[in-house]
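Readers should treat all values here as calculations from the given coordinates under stated rules, not as data from a laboratory. Small disclaimer: the values here were computed from a predicted structure and weren't measured. Because the Cβ atoms are built from the backbone with ideal geometry, glycine has one as well, and the counts that use them run over all protein chains shown.
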């Protein structure tokens, strides 16, 4: 592939949570390894979040510090910028605004990761912007409901990619109205995660979750409400550790005492997510020190049969840790056995745990093989660029 100039745009400085950071880093490093000239730009009118002080403000010093640190660690020094477009002079850290505008004009591709980038007159100089959707369902429903602003926003992109790999198939019920969606998945640099050592003694199935996010992206469609939060899905399967006859651990922020008690009574260990959310290296060790992952999917992904799969679960697989996760339709593309199990019922969860325990080492090997075959960053991103005509 001929060397290209590629800009990755996202929100890992404005929302520097560990999982978000890794999600973006995989794009940057994967594109670097394909031989491309890669830049990372945040150019947003949204105020940044500081996870240390829990504040949202105009101060972008923490955002610039995290980008400088990541650039030094992952090889994009001198190739990043944070542009505070919410300030009158559009103050920047890293590359100046003049260089950002030049990149917009000259880049062979601009990846709008998670569809998080707002458009401005500078960015609109480019007709090579690629939309990469990590949360399928909402935008497709908005198009079906005739939301013109959504159609206009999506129409500013050269190509639309989605983690909903069943969108556009008979399994996905929402009409697309001529909008072309291309399937993709989270790229993972597997050697960042691979661990040849077994987890420590006493390791359990774990996961990390933001407990209640409903309301932000809940959406009504055909007289039903589709929820974005995972909390109700976890509650549906709260008995899973009891059925599996072993403890599970969830790093999350359940504030309601009755709900916490319900989980504790069903053999869940509940830990605080704040420390691992701030430190992306600690987050990686948390995954590597786990026996595997048990998790659920958001209601929207499940009931709409999107075929979505978690970027965090892909990292567990790359660690060589088996994953048991809720079925969204992804098994039509990969997984469903040895290293990666999908479930719809409590009995299926218990059976997956039994199978993993019966030959744990083999399932660890199989988990990594799934990550290497289906999520390796260079494979995923080469396919994305090729189908976008880059």
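Round to the nearest 10 and give me the degree value, 0 to 90, for the angle of helix 97-106's Cα axis relative to the longest principal axis of the chain. That helix lies at roughly 80 degrees to the long axis.
Our estimate of slack between residue 239 and residue 55, defined as 0.36 nm per intervening residue step minus the Cα-Cα distance, is 62.6 nm. GNM, the chain, Cα, under 10 Å: largest mean-square fluctuation among 188, 296, 147? Of 188, 296, 147, the most mobile in the Gaussian network model is 147. With a simple spin-label model that places each label point 7 Å from the Cα along the Cα-to-Cβ direction, the separation between residue 222 and residue 387 comes to 2.4 nm. The length gained by stretching the chain between residue 260 and residue 177 to full extension, at 0.36 nm per residue less their Cα-Cα distance, is 25.5 nm. Using the Stokes-Einstein relation with a Kirkwood hydrodynamic radius computed over Cα pairs, the translational diffusion coefficient of the chain at 20 °C and a viscosity of 1.002 mPa s comes to 99 µm²/s.
In the chain, helical runs assigned H by DSSP with n ≥ 4 each contribute -39500 (n - 2.57); averaged across all residues and rounded to the nearest 500, the mean residue ellipticity at 222 nm is -10500 deg cm²/dmol. Estimated at 0.36 nm per residue, the fully extended path between residue 121 and residue 360 surpasses their Cα-Cα distance by 80.6 nm.
For the chain, the longest principal axis of the C-alpha atoms and the axis of helix 61-74 are separated by about 80°. Within the listed set 298, 216, 379, the Gaussian network model of the chain (springs between alpha-carbon atoms below 10 Å) gives the highest mean-square fluctuation for 216.
Taking Cα atoms only, the orientation of helix 18-33 departs from the longest principal axis of the chain by about 60 degrees.
Beta-bridge orientation, the stretch 119-232: approximately 35 percent antiparallel, per DSSP, counting only bridges with both partners inside. Remark on the stretch 190-374: Rg and Dmax equal 15.8, 50 Å (Cα only). The label-point distance for residue 86 and residue 285, in a model that sets each label 7 Å from Cα toward Cβ, rounds to 3.3 nm.
Of all the options 297, 342, 45, the one that moves most in a Gaussian network model of the chain with Cα springs shorter than 10 angstrom is 45. The alpha carbon gyration tensor of the stretch 232-291 gives principal lengths a ≥ b ≥ c with a/c of 1.5 or higher and a/b no greater than b/c, which makes the shape oblate. When a/c reaches 1.5 or more, the comparison of a/b and b/c decides; with that in mind, is the stretch 305-390 rounded, prolate or oblate per its Cα gyration tensor? Verdict is oblate for the stretch 305-390.
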